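The values are calculated or read from the model by the stated rules, or taken from the named source; none is laboratory data. Here the structure is a predicted model, which means the values were calculated and not measured. We place every Cβ from the backbone using ideal geometry, glycine too, and count neighbours over all the protein chains shown. In case anyone asks, the SASA skips ligands and DNA or RNA and just uses the protein heavy atoms, side chains included. Shrake-Rupley method; radii C 1.70, N 1.55, O 1.52, S 1.80 Å.
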Amino acid sequence: MVRKKNVPDWLNSSLWASSAPPLPPTPPLVLDPPVPIPPPAVNESKPPPSSSVNVRTSKGETRDLLNSRSNSSNYAEDNDDAAANPSATAHDAAAPLADEEISRQAQILQELSKKVINMDELRKLASQGIPGVRATVWKLLLGYLPVDRSRWPSELAKKRSEYKHFKDELLINPSEITRRLGKSSLDNHDTDRDQGLLSRSEISQGEHPLCLGQTSVWNQYFKDAEIIEQIDRDVLRTHPDIHFFSGDSPSAKNTQEALKNILIVFAKLNPGIRYVQGMNEILAPLFFVFKNDPDAENAAYAEADSFFCFVELLSSFRDNFVQQLDNSVMGIRATISRLSQLLKEHDEELWRHLELTTKVNPQFYAFRWITLLLSQEFNFSDSLRIWDTLLSDPDGPQETLLRVCCAMLIIVRRRLLAGDFTYNLKLLQNYPSTNIGHLLYVANKLRLTSP
C-alpha cells in the first residue's frame with residue numbers, strides 16, 4: 001500500500017482503504033431496558049474485570065482495537081471507506097445488550113451501589129457507553145448529584161424546590177401580580193372598614209399595563225415576549241421526527257411545555273445570555289434521558305433536574321453563545337480555529353485540501369457541530385452515545401468535542417480529498433451515517449497521538 005504523505009502511521013492501515021456496502025436503514029428509537037440502581041453496598045467488593053474494548057484502562061494506557069481480530073470487525077470506516085461489519089454501523093437500540101455492554105453495565109451498577117462513588121472509575125466506564133442507567137450517571141457526570149449517595153435525597157429535594165420557586169416567580173403573568181395586589185388591597189380595605197377607616201383599592205403605577213417605566217413588571221413582560229415567541233417556535237421544531245418531542249399527543253405537549261419552561265427560566269435568570277436559538281437542541285437530550293428514568297419519582301421531576309443539568313452543561317460552552325465574544329479568544333470563532341489547528345496537526349494533507357485548495361471555511365460546517373454538541377449530525381440514539389463520551393471528560397466536554405469533530409473529517413478524508421468546494425461543503429453540512437463506535441475510537445486515538 002502506498003503511504004500517504006503527512007499522514008500518521010495509524011491512518012495508513014488497510015482499514016482505511018477497503019470499500020463498504022451501503023449502510024442499512026437506521027432503526028426507530030427504542031429505549032434501553034430499565035435497570036434499577038442497587039442500594040449502597042455494606043461490604044463493597046471490587047468490580048469484575050472489564051471485558052470492554054474501548055478507551056484507556058489507566059492514565060496513559062489504551063487498548064489498541066486494531067490489534068484485536070474480534071474487535072476490528074466492529075470498527076469500520078464509514079460508508080465511504082471501510083466496513084468490515086456493515087451491520088454494526090447502525091445503532092440497533094432494540095437488540096439485546098452485547099456481552100461487553102452487560103459487563104460494563106454490571107460494573108457501572110457496582111460503582112453506583114457504593115456509598116461514595118469513585119468518579120474517576122465511573123468516568124472511565126461511562127465514556128464507553130452507559131447501558132440502562134444513563135439518567136443517574138449523567139447527573140453525576142454533570143455534578144448535579146454529589147458523590148456521597150447519602151446526600152442524594154436532600155440535594156434533590158433542595159434543587160427541585162428551588163426550581164419550583166423559580167417558576168413561581170418568573171413564569172407568572174403580570175396580570176396575576178396585579179390580581180394578587182388587588183386582592184391584597186381589598187383584604188386591607190375590609191380590615192380598615194372594620195376599624196372605621198375609609199380606604200380604596202390601589203394599583204401602583206409600576207404595576208399598570210400602560211406603564212413603560214424600567215421597573216414596571218409589564219414593561220419587562222413585553223420585552224420578554226419576543227424571546228418567548230422564539231422559544232415557542234424552536235421548541236415546536238425540536239426533533240419533529242420523534243413522537244416524544246413532536247405532535248399533538250398529551251405526552252408530546254407536556255414535553256414541549258417543560259422545554260419551554262426551562263428555557264424561559266434560564267433566559268430570565270441569565271440576562272447576559274438570555275436565549276440563543278439552538279439551546280433547545282442541547283436541552284432536548286437531557287430532558288429525554290431524565291424523563292425516561294426507570295425511577296418513577298425521578299422521571300416526575302425531569303423538568304427540574306434537566307434545568308440544573310442544562311445550566312451545568314452550558315457553563316462549559318456559554319462563551320459560544322455570547323455574540324459579543326464571537327471574535328475574542330474565548331468565542332466560537334476561536335474554538336473553530338482550534339479545530340482547524342487540530343486537523344492540521346493530525347492530517348495536514350486533508351487540512352490543506354479543505355482550507356487552501358477547495359477553500360471550505362470550517363465555519364461553514366463546524367459552527368453547528370460545536371454549538372449544538374453534534375446533536376443534529378447523527379440519529380438521536382447515536383447522539384446520546386456521543387454525549388456519554390463528551391460528558392465523561394473530567395476537564396469538560398469541549399476538548400473531547402473538538403477531537404470528535406476532527407475525527408469526523410478524517411474518517412471521510414478520501415471523499416473530501418476527491419471533492420471540490422461544492423461537494424465537500426454539502427458532505428460536511430449533511431454528514432453521512434457512520435459507525436459511532438469507530439468515530440469515537442478515532443477521536444480517542446487523536447487524543448493519544450497529540451503532539
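The table that follows gives values for the structure above.
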{"read-out": "Residue match in segment 263-283 (condition: part of a helix (DSSP H, G or I), open to solvent by 20 Å² or more (accessible area, probe 1.4 Å) and modelled with pLDDT under 95)", "value": "yes"}
{"read-out": "Subset of segment 351-368 that is outside any helix (DSSP H, G or I) and touching a residue at least 40 places away in the same chain (Cβ under 8 Å) - its residue that is least open to solvent (accessible area, probe 1.4 Å)", "value": "Val360"}
{"read-out": "In segment 414-435, the residues that are assigned to a helix (DSSP H, G or I), touching a residue at least 60 places away in the same chain (Cβ under 8 Å) and either hydroxyl-bearing (Ser, Thr, Tyr) or open to solvent by 10 Å² or more (accessible area, probe 1.4 Å) (or both)", "value": "Arg414, Arg415, Leu417, Phe421, Leu425, Gln429"}
{"read-out": "Scan of segment 284-297 for residues that are open to solvent by 30 Å² or more (accessible area, probe 1.4 Å) and either of a type outside the set (Lys, Arg) or not in a helix (DSSP H, G or I) (or both), ordered by number", "value": "Asn292, Pro294, Asp295, Ala296, Glu297"}
{"read-out": "Where Leu402 falls short, out of the listed (1) open to solvent by 10 Å² or more (accessible area, probe 1.4 Å); (2) in contact (Cβ under 8 Å) with a residue 60 or more places away in the chain", "value": "(1)"}
{"read-out": "Selection within segment 369-399 - among the charged types (D, E, K, R), assigned to a helix (DSSP H, G or I) and buried (at least 18 other Cβ atoms within 10 Å of the Cβ)", "value": "Asp382, Arg385, Asp388"}
{"read-out": "Boolean, Phe245 is in contact (Cβ under 8 Å) with a residue 60 or more places away in the chain and open to solvent by less than 20 Å² (accessible area, probe 1.4 Å)", "value": "no"}
{"read-out": "Members of segment 106-125 found to be open to solvent by less than 50 Å² (accessible area, probe 1.4 Å), over 12 Å from Ile37 (Cβ atoms) and in contact with a Lys or Arg (Cβ under 9 Å, 6 or more places away or on another chain), listed by number", "value": "Leu125"}
{"read-out": "From the options Asn320, Asn298, residue that is within 20 Å of the chain's Cα centre (by Cα) and modelled with pLDDT under 95", "value": "Asn320"}
{"read-out": "Residue in segment 383-394 that is under 29 Å from Arg237 (Cβ atoms) and of a type in the set (Ser, Thr, Tyr) present", "value": "yes"}
